[in-house]
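Participant: Got a structure here, written out as structure tokens. Questions coming.
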Amino acid sequence: MLENTEMRFADAEAMGLSHDEWLLILKRLDRTPNLCELGIFSAMWSEHCSYKSSKKWLKTLPTEGPQVIQGPGENAGVVDIGDGLATVFKIESHNHPSYIEPYQGAATGVGGILRDVFTMGARPIALLNALRFGEEDHEKTKHLVSGVTAGIGGYGNCIGIPTVGGEVNFHKSYNGNILVNAMAVGLAHADRIFYSAANGAGNPVIYVGAKTGRDGIHGATMASTEFSDETESKRPTVQVGDPFTGKLLMEACLELMAADAVLSIQDMGAAGLTSSSVEMASKGRSRHGN
């Protein structure tokens, strides 16, 4: 049925795509996309997944050095700290989700970076954060501060990883949207780092984790759009965290990696199976799929 549903620009615009992007999709496919294809483009071309507006600035940051084992391009960065050990770290923003639904937005931000760290073969050992809120007397600030801090601490406590540091500032420029930057740090053996490139023709692909619910649908697109009067209606696009399942997933993955049962591994991220499968295939130079 999806294949028989012809899309229009209005449909693409509703999914967060610009007119130029719509024209580029038509050019690349040489036809009108169906609903499924348009959803894939919407997720993969969102700012949250593609960094299309910030990539040029991120490229100016230093990412190479004699101790750098892994720079940009994988789930997390890896730095050699000597004695056969490496620190694995990831920092990520969860601004829009946390403004819409403070507790779950912040909690799932923590859950996401923890997955990024342990999928590299590291055991997470610490969480940190950098937060920006609006003026202290603004009508939403108290609600946002209490929700975000509870979400960050609550997820970490449930999964057994402490929040060891953070910093908070208040300014009127954040009245309309906050900044929630969460960071996770892990420890790994420098010669036991796991990567996401798919390899080995015929190897099974195993999809593991919590059951997929209706929460979080179009989450990547929501996290990349500007707020409007309809912001409150976007609560269902914020994923609901499940730290207890996250703990089980972390321990299971680390045990499998210790047993050399994993060839490559990729966190699902905001776009779920769409982004993870595309990223693994592209890094493994696999281009064809049915």
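Participant: If you scan region 252-273, which residues turn out to be assigned to a helix (DSSP H, G or I), modelled with pLDDT of 85 or more and surrounded by 14 or more Cβ atoms within 10 Å (Cβ to Cβ)?
Facilitator: Answer for region 252-273, where residues must be assigned to a helix (DSSP H, G or I), modelled with pLDDT of 85 or more and surrounded by 14 or more Cβ atoms within 10 Å (Cβ to Cβ): Cys253, Leu254, Leu256, Met257.
Participant: Same structure again: Which numbered condition trips up Thr225, out of (1) of a type in the set (Val, Ile, Thr); (2) touching a Ser or Thr at 6+ places or on another chain (Cβ under 7 Å); (3) at pLDDT below 60?
Facilitator: Going through the list (1) of a type in the set (Val, Ile, Thr); (2) touching a Ser or Thr at 6+ places or on another chain (Cβ under 7 Å); (3) at pLDDT below 60, Thr225 breaks only (2).
Participant: One residue is enough: does region 143-166 have a residue meeting the conditions surrounded by fewer than 23 Cβ atoms within 10 Å (Cβ to Cβ), among the hydroxyl-bearing types (Ser, Thr, Tyr), assigned by TED's automatic domain parsing to the domain that holds Gln266 and closer than 15 Å to Asp242 by Cα?
Facilitator: no
Participant: Further question on the same structure: Of the numbered conditions (1) closer than 25 Å to Leu17 by Cα; (2) out of contact with any strand residue (DSSP E or B) (no Cβ under 9 Å at 6 or more places or on another chain), Thr60 satisfies every one except a single condition; which is it?
Facilitator: Just one mismatch for Thr60, condition (1).
Participant: As an exercise: evaluate Gly165 against (1) among the small types (Gly, Ala, Ser); (2) within 20 Å of Gln239 (Cα to Cα); (3) assigned to a strand (DSSP E or B) and give the number of the one condition it does not meet.
Facilitator: It is condition (2) that Gly165 fails.
Participant: Only one of (1) in contact with a Phe, Trp or Tyr (Cβ under 7 Å, 6 or more places away or on another chain); (2) closer than 28 Å to Pro72 by Cα; (3) not charged (D, E, K, R) fails for Gly156. Which number is that?
Facilitator: That leaves (1) as the condition not met.
Participant: Whether any residue in region 45-59 is at pLDDT 90 or above, part of a helix (DSSP H, G or I) and crowded, with 18+ Cβ neighbours inside 10 Å is what I want to check.
Facilitator: The answer is no, given that none of the residues of region 45-59 is at pLDDT 90 or above, part of a helix (DSSP H, G or I) and crowded, with 18+ Cβ neighbours inside 10 Å.
Rundown of residues vs (1) over 21 Å from His48 (Cα atoms); (2) in contact with a Leu (Cβ under 9 Å, 6 or more places away or on another chain); (3) acidic (Asp, Glu), yes/no style:
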| residue | (1), (2), (3) |
| --- | --- |
| Ser98 | no, yes, no |
| Gly109 | no, no, no |
| Arg123 | yes, yes, no |
| Ala126 | yes, no, no |
| Phe133 | no, yes, no |
| Gly151 | no, no, no |
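Participant: Here is a follow-up. Out of region 139-162, which residues are assigned to a loop (DSSP other than H, G, I, E, B) and either without any contact (Cβ under 8 Å) to a residue 12 or more places away in the chain or of a type in the set (A, V, I, L, M, F, W, C) (or both)?
Facilitator: Initially, region 139-162 is screened for residues assigned to a loop (DSSP other than H, G, I, E, B), giving 139-140, 160-162.
Within region 139-162, Glu139, Ile161 qualify.
Residues are listed down the side, and each one gets a yes or a no for (1) crowded, with 17+ Cβ neighbours inside 10 Å; (2) under 19 Å from Ala210 (Cα atoms):
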position: Phe118; (1), (2): yes, yes
position: Ala122; (1), (2): yes, no
position: Ile125; (1), (2): no, no
position: Ala130; (1), (2): no, no
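Participant: Please work out if Ala197 is crowded, with 19+ Cβ neighbours inside 10 Å, within 19 Å of the chain's Cα centre (by Cα) and small (Gly, Ala, Ser).
Facilitator: On the way: crowded, with 19+ Cβ neighbours inside 10 Å: no; within 19 Å of the chain's Cα centre (by Cα): yes; small (Gly, Ala, Ser): yes.
Answer is no for this residue.
Participant: Further question: Could you list, in sequence order, the residues of region 60-112 that are over 14 Å from the mean Cα position of the chain (by Cα), aliphatic (A, V, I, L, M) and either assigned to a helix (DSSP H, G or I) or over 15 Å from His189 (Cβ atoms) (or both)?
Facilitator: Within region 60-112, Leu61, Val68, Ile100 meet the criteria.
Participant: Where the second residue is among the charged types (D, E, K, R) and the first is closer than 9 Å to Gly147 by Cα and lies in region 95-112, which pairs have Cβ atoms under 8 Å and are six or more apart or on separate chains?
Facilitator: That search, which allows pairs on different chains as well, returns Glu101/Arg235.
The values are calculated or read from the model by the stated rules, or taken from the named source; none is laboratory data. All values derive from a computational prediction rather than experimental measurement. Note: ideal-geometry Cβ built from the backbone for every residue, glycine included; neighbour counts use all protein chains shown.
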